[in-house]
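The values are calculated or read from the model by the stated rules, or taken from the named source; none is laboratory data. Only a predicted model underlies this, so the values are computations on that prediction, with no experimental measurement involved. Using ideal geometry, Cβ is built from the backbone for each residue, glycine included, and neighbour counts are taken over all protein chains shown.
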Amino acid sequence: MKAAIFTRAAALLVGGILLSGCNAPHSEEVEGRAESSETAPLPPVHTVALQASNEAVKLEGIATVLNPDILLQLDADIRAATIAANFSRGQLERFKASTMLSKQTIETAVRQAGIDASQLKLLSTRLRQSWGDQAPFLNVDDRQALMAEVANGSRGILRIDFPDTTANGPRNLRVVPLRGGEETKVDTFWPAPSGNLAMPGVSYFGLIDAGPGLRTGDRARVIADSTAKPTGVVIPSAAMVVYAGKSWCYVETAPGKYERKVVPLTAPVDDGYLVTSGFSPGSRVVVKGASILLAREAMPGSYDDDDDDDGGSPASPPSPVTKSSTSPMAQNHATATGDPD
């Protein structure tokens with residue numbers, strides 16, 4: 001067992017850490033390494049205090065440039081129905097003013113005027129149901145100008161889907177073609193009357209100036225600012241480490257002691273990630289040296305090579321990786337000074 005302790009102490013000294021209080025014998029080689037390690041400082045671990053933040057959350061989604069044929073056809077149908085309704089209504093008024101027409105002719109004119117008016121109302125309702133009550137082209141005059149731009153390809157209609165169900169009232173919407181290109185501002189957008197079954201969340205329609213990568217059928221990434229400002233703290237990007245498929249940061253729980261905590265990536269901001277729970281203002285997180293702490297925490301232990309004099313079994317392996325970590329000096333000192341069985 002003494003030989004095993006000697007071996008472990010020598011291995012730690014090779015790593016550049018000077019240990020004290022070890023009862024294992026030292027050879028000249030080990031003493032030389034110890035002397036050189038006195039000048040090798042431990043890797044620095046720097047922390048910063050978390051501050052309360054009301055920074056707006058960045059929203060990201062997917063936009064699809066829609067085929068305008070359905071809207072153009074609906075607009076054409078509404079125009080035809082409007083002409084028919086106006087004609088039948090005017091004809092009915094003329095028939096009523098005449099004393100030369102039979103009652104049956106007037107009744108036929110009344111029935112036709114009702115049919116044409118109902119058809120126009122049906123198409124107008126379909127327009128609202130398909131494109132929303134806040135669509136900018138519900139007005140006939142506005143729709144005619146927009147349809148001309150859509151038909152010649154200078155304007156595009158987007159469907160914008162945000163997977164975040166809290167993405168209500170976004171502002172400053174921009175789209176970037178998935179194939180690459182510059183950002184294009186979405187100058188007009190409004191809530192869609194229905195969501196996207198393939199992406200549960202919040203959906204909008206929008207209008208943009210068409211360009212490369214933003215033609216019918218193209219897809220783009222949407223970037224927006226949320227109008228909601230939830231209270232929380234921002235975890236700096238420099239504090240993030242990735243382990244076991246998740247994102248973490250180290251929180252200083254006591255001098256030289258750190259706890260690894262999961263950081264959700266659902267609310268990116270300019271300087272990091274906004275979290276609304278699990279972290280409190282004033283807590284200190286590691287922004288330099290977090291990867292070193294993670295490497296030491298995840299480093300597997302080793303079994304002792306030698307048995308006890310009485311032929312006992314090897315010493316038990318160290319405990320598995322946990323979500324808490326002490327400082328490197330404290331961990332190595334505890335390993336080297338532990339009493340042998």
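Quick look at the numbers
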{"item": "Cβ pairs under 9 Å, 6+ apart, first in the range 74-93 and not assigned by TED's automatic domain parsing to the domain that holds SER124, second of a type in the set (D, E, K, R)", "result": "none"}
{"item": "The range 203-219, subset among the hydroxyl-bearing types (Ser, Thr, Tyr) and assigned to a strand (DSSP E or B), residue farthest from GLY132 (Cα to Cα)", "result": "SER203"}
{"item": "Every pair of residues 6+ apart whose Cβ atoms lie under 6 Å, when the first sits in the range 193-208 and is over 20 Å from ARG171 (Cα atoms) while the second is surrounded by fewer than 15 Cβ atoms within 10 Å (Cβ to Cβ)", "result": "none"}
{"item": "Sole exception among (1) within 17 Å of THR82 (Cβ to Cβ); (2) loosely packed, with under 13 Cβ neighbours inside 10 Å for GLN119, by number", "result": "(2)"}
{"item": "Subset tally (residues that are at pLDDT below 90 and surrounded by fewer than 19 Cβ atoms within 10 Å (Cβ to Cβ)) for the range 283-297", "result": "5"}
{"item": "Candidate set from the range 220-266 (those that are assigned to a loop (DSSP other than H, G, I, E, B) and of a type in the set (Val, Ile, Thr)); member that is nearest to VAL186 (Cα to Cα)", "result": "THR227"}
{"item": "Matching strands (runs of 3 or more DSSP E) fully within the range 130-202 where at least 2 residues are at pLDDT 90 or above and either touching a Lys or Arg at 6+ places or on another chain (Cβ under 8 Å) or charged (D, E, K, R) (or both)", "result": "155-162, 170-177"}
{"item": "Given (1) in a loop (DSSP other than H, G, I, E, B); (2) at pLDDT below 50, number of the condition ASN332 does not satisfy", "result": "(1)"}
{"item": "In the range 205-225, the residues that are aliphatic (A, V, I, L, M) and under 18 Å from the mean Cα position of the chain (by Cα)", "result": "ALA220, VAL222, ILE223, ALA224"}
{"item": "Flag if SER124 is more than 21 Å from the chain's Cα centre (by Cα), part of a loop (DSSP other than H, G, I, E, B) and without any contact (Cβ under 8 Å) to a residue 60 or more places away in the chain", "result": "no"}
